[in-house]
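Note sheet for the following structure.
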Amino acid sequence: MSTPRTSTSSARFAQFKLVLLGESAVGKSSLVHRFAKDQFDDFRESTIGAAFLTQTVQVDANTTVKFEIWDTAGQERYKSLAPMYYRNANCAVVVYDITQESSLTRAKAWVKELQHQANEDIIIALAGNKLDLASERKVETATAEAYAKEAGLLFYETSAKTGEGVQEIFTAIAKKLPVEQVVNRTRVPPKGVDLSRPTKASSTCNC
């Protein structure tokens, strides 16, 4: 389990494990690449197993959260591998496609699984992706929002293509994480580093 970390000074640096779940082709990889690298590719290949990326969020003037992100494959044949990635995760983003009703049904199943089998304190956010295709919408915002409220989830609609809502959902998660409960202490990143910029390199892990 990723243990939050901070320094003895007023500046705080905490690290948390985040997992992305959802049906295939809802845009999980595109969403996380927009967040981590500020890039979008119309023809991104399906993830095999899972991919690993990192990115930081500046929560406030004194607090930086680093996400260790596991982007899982959505194909049914990889479903049995998911517990390897959400086990001990501090937070999760469950993604559905606003143009596909069935993807919300699958997202609800992932949420239920997380709530029963993952870390009991896990923070879950529901992301309605492909907001740029709003003209083809099949899932109304109010419907998904009502479900998220009932299930105790953060809720945002996003567009990996335009970037709309992407930074907002990860920032909202970062603000909910228990940075105040940090026990271990370490040195913060060197002064002068712009933590708001995408990381230059993110590794992939085809498990």
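For region 160-195, residues that are β-branched (V, I, T), open to solvent by 80 Å² or more (accessible area, probe 1.4 Å) and modelled with pLDDT of 75 or more total 1. Of all residues in region 125-147, those satisfying the criterion of being under 19 Å from E168 (Cα atoms), touching a Phe, Trp or Tyr at 6+ places or on another chain (Cβ under 9 Å) and open to solvent by less than 40 Å² (accessible area, probe 1.4 Å) are A125, L126, A127, G128, N129, A144. Annotation: T105 fulfils all but one of (1) touching a Ser or Thr at 6+ places or on another chain (Cβ under 8 Å); (2) at pLDDT 90 or above; (3) β-branched (V, I, T); the unmet one is (1).
A residue that is of a type in the set (K, R), farther than 19 Å from E168 by Cβ and modelled with pLDDT of 90 or more can be found somewhere in region 10-25. When the test is whether a residue is touching a residue at least 60 places away in the same chain (Cβ under 8 Å), polar (S, T, N, Q), in contact with an Asp or Glu (Cβ under 9 Å, 6 or more places away or on another chain) and surrounded by 14 or more Cβ atoms within 10 Å (Cβ to Cβ), N119 does not pass it.
Which one of these is out of contact with any His (no Cβ under 8 Å at 6 or more places or on another chain) and at pLDDT below 95: A92, A61? Write out each step before concluding.
Numbers: A92 fails: at pLDDT below 95.
None of the other options fit; the residue is A61.
Quick test for you: out of E113, E157, pick the one residue that is acidic (D, E), surrounded by 14 or more Cβ atoms within 10 Å (Cβ to Cβ) and under 25 Å from D38 (Cβ atoms). Reasoning before the result, please.
Numbers: E113 fails: under 25 Å from D38 (Cβ atoms).
It is E157.
For region 35-48, the condition of being closer than 20 Å to P178 by Cβ and either at pLDDT 95 or above or in a strand (DSSP E or B) (or both) holds for none of the residues.
The values are calculated or read from the model by the stated rules, or taken from the named source; none is laboratory data. Source: prediction; values computed, not measured. Positions of Cβ are generated from backbone atoms using ideal geometry, with glycine treated the same way; all protein chains shown enter the neighbour counts. Protein only, heavy atoms only, side chains kept; ligands, DNA and RNA dropped before computing areas. Shrake-Rupley method; radii C 1.70, N 1.55, O 1.52, S 1.80 Å.
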